[in-house]
1. In the range 131-158, which residues are under 20 Å from the mean Cα position of the chain (by Cα) and assigned to a strand (DSSP E or B)?
2. Tell me the residue from 32, 94, 55, 36 that is modelled with pLDDT under 95 and part of a helix (DSSP H, G or I), please.
3. Here is a list: 365, 386, 345, 354. Which entry is surrounded by fewer than 20 Cβ atoms within 10 Å (Cβ to Cβ), modelled with pLDDT of 95 or more and within 28 Å of residue 20 (Cβ to Cβ)?
4. For a quick check of your reading of the model, give me the residue pairs whose first member lies in the range 85-103 and is surrounded by fewer than 19 Cβ atoms within 10 Å (Cβ to Cβ), whose second is assigned to a helix (DSSP H, G or I), with beta-carbon atoms closer than 7 Å and at least 6 apart or on different chains.
5. Identify, by number, the condition in (1) touching a helix residue (DSSP H, G or I) at 6+ places or on another chain (Cβ under 9 Å); (2) within 26 Å of residue 29 (Cβ to Cβ); (3) surrounded by 15 or more Cβ atoms within 10 Å (Cβ to Cβ) that residue 111 doesn't meet.
6. Specify the residue that is surrounded by the fewest Cβ atoms within 10 Å (Cβ to Cβ); the eligible residues are those in the range 311-340 that are under 17 Å from residue 288 (Cα atoms) and touching a strand residue (DSSP E or B) at 6+ places or on another chain (Cβ under 9 Å).
7. Which one of the conditions (1) touching a residue at least 40 places away in the same chain (Cβ under 8 Å); (2) under 10 Å from residue 356 (Cβ atoms); (3) surrounded by fewer than 16 Cβ atoms within 10 Å (Cβ to Cβ) does residue 209 fail to meet, given that it meets all the rest?
8. With the structure loaded, tell me whether residue 379 is closer than 30 Å to residue 81 by Cα, out of contact with any strand residue (DSSP E or B) (no Cβ under 8 Å at 6 or more places or on another chain) and surrounded by fewer than 23 Cβ atoms within 10 Å (Cβ to Cβ) or whether it fails that test.
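The values are calculated or read from the model by the stated rules, or taken from the named source; none is laboratory data. What you are looking at is a predicted structure, and each value in this text was computed from that prediction instead of being measured. A quick note on method: Cβ atoms are made from the backbone with ideal geometry, for glycine too, and the neighbour counts reach across all protein chains shown.
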């Protein structure tokens, strides 16, 4: 059984809808102050054992980078027991992740990707009022604490349209996790082994994932990849308009690139026309597989949702070994409908990818399925929506009698920063707080 009372709520619980969120980054200048911060936050962070109630939809989570674990004075033996990707940091992994050119770390928003990022605090709530109340409780933990400084903040929110900046309904898919008590959104997918998401439990291979030492530090923790992704909404709209034959075809092309209509209705269930009622139905809008569509006449194999989670499709590797929890929260104002020129305003998504295996989950999907497609039988073609254009800028849509091909696609998403973190269990937070250095 999962020890839900020791697991941070942000690990397992889906994002509320609608939502508001805030990310705050801290730098630790004094190890004792850093440990005191974690001790105080341990009483603020919600556990996954919260009952189902409106209050359970508001939570605070806390995670540490490798530099942060060093900054609080963790013993060397413990530091060396963390995943090597965490020890390297996301900036050092940039080339493997496709963060090159405009997305390269030297262009990231400071201090993201630097050794100054030590602690990442995330607060999530259905609305701004409750979010501020949660932040006020967290603020009591770090205000007037000398040796700890808040150095970066990103406020996020649900857009007025209820969609992400490109105009698609977001936050639809969520896997069921054994022992969590939280239902998944696809009845065709059996629950994932708990060890795929939480350390200390068997994963899909039947083995215990490598865990930081000592056990009290690693158990019930997990790894998180945070990403700030700038979205070029005007460029995306222009790309659709320039390649479409009509307004209706423009919407179809957008759906073929994403794998869903903007309403959230999946092409797998309604390939010829949008169905907003289906898109709004959380019981049905993710309840499908791809085995009946091997060629991709309904959902192209290169579309975003099919790349990110091929489900039961025949691809290189076992799909379930690369599953993880994804959460995106929008930032910045919405670009007004119909505007085709960039207004210079920063907008996009703050993404969090949660899993027990940074390498075979986040890094594998990002490098092998999103940024190139050989493992999916797609050659060097990248994701048409979020992929890197370093190698290919073309996208093929299976169609009879001749496949449709979109060439010269621009880079629609640019990485503005990110970091790998370890999200400890609540006992681990208190254990770190009680260290003496």
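1. 152, 153, 154, 155, 156, 157, listed by residue number.
2. 55
3. After applying the criteria, what remains is 345.
4. Listed by first residue and then by second, the contacts come to 87/66; 96/363; 96/367; 100/94.
5. The one condition residue 111 does not meet is (1).
6. 320
7. (3)
8. no
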